[in-house]
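Read through the structure below, which is laid out as structure tokens, and then see the notes.
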Amino acid sequence: MKYVCILQSVNHPTKHHAGLTDDLRARRRAHCTGQVYHTSKYRPWNLNTYVGFSDAERAVPFEKYLKTRSGHPFARKRP
């Protein structure tokens, strides 16, 4: 199972991060402990939304979409 997750910064609520993972808890922990350089300055992170996919062939395009200009508003609207 592949998951596309949207994380939201606790201290900077306008900051979101979309990512692809096999383990949601481990990935969130990595972002919150500063192991991911790109997101370390906005930690801690809450898991905002996630979508499960049966295979990577479907998950990867959705993750890429969330990182596009039109995907950003979509990600921000998810509670």
Residue under question is His16, and the condition is that it be loosely packed, with under 12 Cβ neighbours inside 10 Å and out of contact with any Phe, Trp or Tyr (no Cβ under 7 Å at 6 or more places or on another chain); does it hold?
no
For the chain, which helices (runs of 4 or more DSSP H) that fit wholly inside it have 1 or more residues that are of a type in the set (Val, Ile, Thr) and more than 12 Å from the chain's Cα centre (by Cα)?
56-66
Any idea how many residues of the stretch 31-79 are closer than 15 Å to Pro13 by Cα and of a type in the set (A, V, I, L, M)?
2
Residue set Arg69, Arg28; condition free of Cβ contacts under 8 Å to residues at least 24 places away in the same chain and touching a Leu at 6+ places or on another chain (Cβ under 6 Å); output residue Arg28
If a residue has to be surrounded by 12 or more Cβ atoms within 10 Å (Cβ to Cβ) and without any contact (Cβ under 8 Å) to a residue 12 or more places away in the chain to count, how many in the stretch 36-46 make the cut?
2
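A short reminder: the numbers here are calculations on the coordinates, not readings from a lab. Nothing here was measured: the structure is a model prediction, and the numbers come from that model. Note: ideal-geometry Cβ built from the backbone for every residue, glycine included; neighbour counts use all protein chains shown.
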